[in-house]
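Visitor: I'd like to ask you about the structure that follows.
Taken together, the values in this text are just the output of simple stated rules run on the coordinates, not laboratory data. A quick note: this is a predicted structure, and the numbers were derived from the prediction, not measured. Counting neighbours? That spans all protein chains shown, and the Cβs are built from the backbone with ideal geometry, glycine included.
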Amino acid sequence: MSPSHPSPDAVLRKLEWTVIRRLDGLLHGNYRSLFRGFGLDLADLREYQMHDDVRHIDWNVTARMQTPYVREYNEDREVTAWFLLDLSPSVDFGSQDIKKRTVLIEFLGVLARLLTRHGNRAGVMFYGGGVDTVIHPRTGRKHVLHILNRLMNRPEMPAAPETDLADFLRTAQQVIKRRSLVFMVSDFISKPGWTEPLAQLAQRNELVAVRLYDALEMDLPDIGMIVMQDAETGEQIFVDTHDKGFRKRFAAVAQAREAELRAALTNAGVDALELSTTDDLVDAILRFVDLRKRRSQLAGGGLPKHLEASHDVSVA
């Protein structure tokens, strides 16, 4: 590692002080909104009792029995998380001082540390033209440092074959043996065909798509003649950003890709956390927590009308 770059320990310490401490204060230690719905096995059904969580009401059984029934679960307290990291050349792009890879490293450091400090396990897979590294899940701060060290000492790829996320996801299905919490961290610049294997992986696991992007990929400013380089192949072309027609066509293509990507994630039933190179990581994670909490409330349904007056229901 170059002396001018911080060590993995320095990076993790900074994240612990500047990001994780803020999250602790804002979330008050409650990370269930992040890891909702993981590791729960249906154990039994019983009649609803006062102070039961209405989100556990089984509405099908309730309708048949004409009285409220709730599901009881056995919870697997240990969470196994996998981080699928797309490290193809396009992830090394950034129009300002921060590259998408930097955002990826910080996200990994924060989430892996949040998990492992509570006894959960985290593993990673690296993809760069193919899956070339698998670090199996373990717990503890030293394990997170090991992952960061491997990641931060990995050289950038000047060019590579076109990214094939479908191949990455199929390999992940073979490697991940037990139901896990999976973070797919990528800019999703890839060959088509990855949506089906993404949906298949999401059926067996709780999957979160962490989408990395840079503002310049969405909209070109008027800055005259510039060289644009394909981040995957290294091919370069000159373009005139004074040309309004070119900027308009560029924006239209970017908007169409955005709509296609969001539709694909929605159809796969996957929650998405969008991370820009200019985002505050804490704010982005809190937005995502709020989204998942609201989805949990909607999925749980409302309280039956004859119970609304007698119960004050709070949502964790």
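Visitor: So which of Lys99/Lys191; Lys100/Lys191; Lys99/Lys177; Lys191/Lys293; Lys14/Lys99; Lys100/Lys177 end up more than 26 Å apart, counting from Cα to Cα? Could you put the intermediate results ahead of the total?
Guide: Values: Lys99/Lys191 22 Å; Lys100/Lys191 19 Å; Lys99/Lys177 33 Å; Lys191/Lys293 33 Å; Lys14/Lys99 18 Å; Lys100/Lys177 29 Å.
Violating the 26 Å limit, Cα to Cα: Lys99/Lys177; Lys191/Lys293; Lys100/Lys177.
Visitor: Could you give me the ³J(HN,Hα) list for segment 119-126, computed from phi with Karplus coefficients 6.51, -1.76, 1.60 and θ = phi - 60°, whole Hz, x at Gly and Pro?
Guide: Each residue of segment 119-126 in turn: x, 7, 10, 10, x, 9, 10, 9 Hz.
Visitor: Starting from the Cα of His118, step 7 Å along the direction of its Cβ; do the same at Met152; then give the gap between the two resulting points in nm.
Guide: Result for the modelled spin labels: 2.5 nm.
Visitor: For every other residue with a beta carbon closer than 13 angstrom to the beta carbon of Val19, add +1 if it is Lys or Arg and -1 if Asp or Glu, then tell me the sum.
Guide: Working: positive: Arg13, Lys14, Arg21, Arg22, Arg113; negative: Glu16, Asp24, Glu106, Asp279, Asp280, Asp283.
Computed value for this residue: -1.
Visitor: Using amide H atoms built in the peptide plane, which far-off residues or other-chain residues are under 5 Å from Leu273 H to H?
Guide: Amide H to amide H, under 5 Å and 5 or more residues apart or across chains, Leu273 pairs with Ala209, Val210, Arg211.
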